[in-house]
Amino acid sequence: MRRVVIVCEGQTEEAFISRVMVPAFVETGILLQGITVETSPGHKGGAMRYDRLRPALRNALANGRVAAVTTLIDLYKLAPDFPGYGAALPLPTLAERLRALESQLHADVVAHCGCNPARFIPHVQPHEFEALLFSDVSVLAGLEAGWAAAAPALVQARMAAPTPEEINNGHETKPSARLETLLRNPSYRKLRHGPIAAERIGLARIESECPHFAKWLAQLRIL
């Protein structure tokens with residue numbers, strides 16, 4: 001088995017990797033391992049500054065038994081110290097911004113770590129992990145009995161964007177904010193509901209709806 005480390009945004013993403021991605025990759029001979037960065041003493045995840053992310057990437061790449069290292073970090077609230085942040089922000093399309101950010105991240109990490117460029121695969125998820133859950137809002141709304149009434153609003157939010165990944169990144173309209181507003185009784189809990197919803201939606205459905213995420217998985221499958 002080839003071991004691939006995914007340095008991720010937080011505990012929800014780490015649970016998603018363990019619950020959904022790891023089983024799907026076993027048959028390809030790839031063992032995925034999610035790692036959450038410590039962002040303060042005793043606390044992991046959130047507030048992902050680059051000066052915290054880069055040492056975690058360096059440590060993972062220093063392990064010779066790891067075939068490759070990649071990232072699963074949100075575009076939303078990406079820290080201004082991220083490589084290429086200032087130049088990428090004004091670019092007109094989401095695809096261009098992602099391409100610029102991932103290219104600069106790759107260049108900086110390879111230069112800093114002195115690693116084989118093929119061992120590092122940067123991935124920035126637009127705009128948040130929760131965008132993936134909009135890949136099938138009927139499954140999402142069926143997760144809890146009290147969420148059925150939110151289905152029409154979830155469908156409306158999904159249909160307003162070309163893909164789930166393009167649901168915007170406003171403070172009140174980012175994917176996670178929409179879920180927290182619409183899903184009540186019980187309230188949507190990121191760590192509790194996110195990985196379960198993704199598992200029920202299924203990786204194939206998510207890939208069919210989220211092209212940037214699908215492109216990343218295609219890169220991992222050929223390692």
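Structure values in brief
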item: First in region 94-111 and without any contact (Cβ under 8 Å) to a residue 40 or more places away in the chain, second anywhere and open to solvent by less than 30 Å² (accessible area, probe 1.4 Å) and in a helix (DSSP H, G or I), Cβ under 6 Å, 6 or more apart; result: Arg97/Ala88; Ala100/Ala88; Leu101/Ala88
item: Tally, over region 179-204, of residues that are within 18 Å of Pro126 (Cβ to Cβ) and open to solvent by 40 Å² or more (accessible area, probe 1.4 Å); result: 1
item: Residues within region 54-76 that are open to solvent by less than 10 Å² (accessible area, probe 1.4 Å) and polar (S, T, N, Q), tallied; result: 2
item: Options Ala157, Ala150: the member that is among the hydrophobic types (A, V, I, L, M, F, W, C) and within 21 Å of Leu191 (Cα to Cα); result: Ala150
item: Residue list for region 1-19, filter: in contact (Cβ under 8 Å) with a residue 60 or more places away in the chain, surrounded by 22 or more Cβ atoms within 10 Å (Cβ to Cβ) and within 14 Å of Ala198 (Cα to Cα); result: Thr12, Glu13, Phe16
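Conditions (1) open to solvent by less than 50 Å² (accessible area, probe 1.4 Å); (2) touching a Lys or Arg at 6+ places or on another chain (Cβ under 8 Å), marked per residue:
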{"site": "Asp51", "(1), (2)": "no, no"}
{"site": "Leu78", "(1), (2)": "yes, no"}
{"site": "Pro92", "(1), (2)": "no, no"}
{"site": "Ser103", "(1), (2)": "no, no"}
{"site": "Ala107", "(1), (2)": "no, no"}
{"site": "Leu132", "(1), (2)": "yes, no"}
{"site": "Ser135", "(1), (2)": "yes, yes"}
{"site": "Ala145", "(1), (2)": "no, no"}
{"site": "Val155", "(1), (2)": "no, no"}
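The values are calculated or read from the model by the stated rules, or taken from the named source; none is laboratory data. Just so it is clear, the model here is predicted, and its values are computed rather than measured. Note: ideal-geometry Cβ built from the backbone for every residue, glycine included; neighbour counts use all protein chains shown. In case anyone asks, the SASA skips ligands and DNA or RNA and just uses the protein heavy atoms, side chains included. Shrake-Rupley method; radii C 1.70, N 1.55, O 1.52, S 1.80 Å.
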